[in-house]
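A.B. asks: The structure's right below; bear with me while I get my questions together.
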Amino acid sequence: MGSITTPDIPLEQESLQNTSDSAVPQRYRLTVTDYHRLAEVGVFDENSRVELIEGDLIAMPPIGERHASYTRRLNQFFSRRVGDTAIVDVQNPVMLNAHSEPQPDIVLLKPCTDFYESVHPGPADVLLLIEVSDTTLRYDRETKVPLYAKAGVPEVWVVDTLHQRLEVYRCPSADGYREVRYPALEEMIAPVLLPDLMVSVADVLTGLPLAVWRREGTAI
C-alpha cells in the first residue's frame, strides 16, 4: 500500500486553514438589556437566584438561614442609623456596567426622590456596599469585589460570617481596591462617604450592640 503524502504546510498555517471562526465555540456575553428581556419573557422571574456577572448568568445558591439572619440584622442596624441620609437597599440590583448587574446583600444608596423607580442605581449612587459571605466567601472576594472596584464602587464591606471578620475595601481602581483593611472587633469605623455613621466592627458583625453580643455568650 502506497504512503499518503501531505503538503508541507507549517502547523500554525494548517490549523488556520482547517478552522473557521464559525467552527470555534464563541462566548456570548449577555447585556443587561438581554438579561431583562429574558425576565420579561418568563425565562426566570425576579425571585430567581441569578445574577448577571460580566455577561454570564450566575446561578447563586439558596440563601441559608444564617445568611438571611445576618442580612436582616444589618438591614435593621443601618436603617435605624442612617435616617434620611441614605436609602438602605436589600438584595436589589446595582447596574455596574452594560454586562453586569449583581444583587448585593446590603447597599446604602444616595437619597433619590423616586427611590430609583426609573432606573436601577449604578456605582455613582452607592455610598457603601456590603456582601454577607459564608459559603460564597471565595466567590465574593475573587469575583465580585474586583468587579465592584473596576466599576468604581467607592467602598465595599465583606462580612465574613464564618470567621467573624470584617473586610473593608476602599479606593477603587481598574486593578482592584488599593486599600484593604481588617479592623479589630472593638474598633470604630465609618464609611468614607458617610463619616458620621461611626459604628463598632462588633456591631456590624452581629447587627447587635457589643454589650448584647457579650450577654448572649458569643465569643469575641
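A.B. asks: Looking only at segment 111-162, how many residues end up being under 25 Å from SER200 (Cα atoms), in contact (Cβ under 8 Å) with a residue 60 or more places away in the chain and touching a Ser or Thr at 6+ places or on another chain (Cβ under 8 Å)?
C.D. replies: Total satisfying the criteria: 4.
A.B. asks: When you look at THR143, is it outside any loop (DSSP other than H, G, I, E, B) and in the same structural domain as PRO104 (by TED's automatic domain parsing), yes or no? Don't jump to the end; show me each part of the working.
C.D. replies: Details: outside any loop (DSSP other than H, G, I, E, B): yes; in the same structural domain as PRO104 (by TED's automatic domain parsing): yes.
Yes: the conditions hold for THR143.
A.B. asks: For residues that are of a type in the set (D, E, K, R) and either touching a His at 6+ places or on another chain (Cβ under 9 Å) or assigned to a strand (DSSP E or B) (or both), scanning just segment 179-193, find the one that is surrounded by the fewest Cβ atoms within 10 Å (Cβ to Cβ). Even if it seems obvious, please write down each step before you answer.
C.D. replies: Narrowing segment 179-193 to residues of a type in the set (D, E, K, R): 179, 181, 186-187.
Right, trim to either touching a His at 6+ places or on another chain (Cβ under 9 Å) or assigned to a strand (DSSP E or B) (or both) and you get 179, 181.
Values: GLU179: 11, ARG181: 13.
So the residue we want is GLU179.
A.B. asks: Same structure again: Which members of segment 118-157 meet the condition of being surrounded by 18 or more Cβ atoms within 10 Å (Cβ to Cβ), of a type in the set (Lys, Arg) and over 16 Å from PRO93 (Cβ atoms)?
C.D. replies: The one that is surrounded by 18 or more Cβ atoms within 10 Å (Cβ to Cβ), of a type in the set (Lys, Arg) and over 16 Å from PRO93 (Cβ atoms): LYS150.
A.B. asks: If you don't mind, another one. Does any residue of segment 91-106 turn out to be of a type outside the set (D, E, K, R), surrounded by fewer than 18 Cβ atoms within 10 Å (Cβ to Cβ) and assigned to a helix (DSSP H, G or I)?
C.D. replies: no
A.B. asks: Considering segment 101-110 alone, what residues qualify as being over 18 Å from THR31 (Cα atoms) and in contact (Cβ under 8 Å) with a residue 24 or more places away in the chain? Outline the logic, then answer.
C.D. replies: First pass over segment 101-110, keeping only residues over 18 Å from THR31 (Cα atoms): 104-110.
PRO104, ASP105, ILE106, LEU108, LYS110, listed by residue number.
A.B. asks: Does VAL88 qualify as being without any contact (Cβ under 8 Å) to a residue 24 or more places away in the chain and under 14 Å from the mean Cα position of the chain (by Cα)? Show your work before the answer.
C.D. replies: Working: without any contact (Cβ under 8 Å) to a residue 24 or more places away in the chain: yes; under 14 Å from the mean Cα position of the chain (by Cα): no.
Judged against the criteria, VAL88 is not a match.
A.B. asks: Assuming HIS120 fulfils every condition listed in (1) in a loop (DSSP other than H, G, I, E, B); (2) touching a His at 6+ places or on another chain (Cβ under 6 Å) apart from one, which condition is it?
C.D. replies: Evaluating HIS120 over (1) in a loop (DSSP other than H, G, I, E, B); (2) touching a His at 6+ places or on another chain (Cβ under 6 Å) leaves (2) as the failure.
A.B. asks: So which residues in segment 70-90 are among the polar types (S, T, N, Q) and surrounded by fewer than 17 Cβ atoms within 10 Å (Cβ to Cβ), if there are any at all? Walk me through it before giving the result.
C.D. replies: Restricting attention to segment 70-90, the residues satisfying the condition of being among the polar types (S, T, N, Q) are 71, 75-76, 79, 85.
Scanning segment 70-90 gives GLN76, SER79, THR85.
A.B. asks: Could you grab me the full set of residues in segment 147-178 that are out of contact with any Asp or Glu (no Cβ under 6 Å at 6 or more places or on another chain), in a loop (DSSP other than H, G, I, E, B) and β-branched (Val, Ile, Thr)? Talk me through it step by step, then tell me what you get.
C.D. replies: Filtering segment 147-178 down to residues out of contact with any Asp or Glu (no Cβ under 6 Å at 6 or more places or on another chain) leaves 147-157, 159-160, 163-169, 172-178.
Going one step further and asking which of them are in a loop (DSSP other than H, G, I, E, B), we end up with 152-154, 163-164, 172-178.
Matches in segment 147-178: VAL153 only.
A.B. asks: Moving on. Would you pick out the residues in segment 79-90 that are assigned to a strand (DSSP E or B) and either acidic (Asp, Glu) or not assigned by TED's automatic domain parsing to the domain that holds VAL158 (or both)? Give the derivation first.
C.D. replies: Just the residues of segment 79-90 that are assigned to a strand (DSSP E or B), to begin with: 87-90.
Within segment 79-90, just ASP89 meets the criteria.
A.B. asks: Might you check whether a residue that is touching a residue at least 12 places away in the same chain (Cβ under 8 Å) and more than 25 Å from THR136 (Cα to Cα) occurs anywhere in segment 92-100? Show your work before the answer.
C.D. replies: Here is the first cut: in segment 92-100, the residues touching a residue at least 12 places away in the same chain (Cβ under 8 Å) are 92-100.
Remaining after also requiring more than 25 Å from THR136 (Cα to Cα): none.
Taking every residue of segment 92-100 in turn, none turns out to be touching a residue at least 12 places away in the same chain (Cβ under 8 Å) and more than 25 Å from THR136 (Cα to Cα).
The values are calculated or read from the model by the stated rules, or taken from the named source; none is laboratory data. Note that the structure is a prediction, hence the values are computed from the model and not measured. Because the Cβ atoms are built from the backbone with ideal geometry, glycine has one as well, and the counts that use them run over all protein chains shown.
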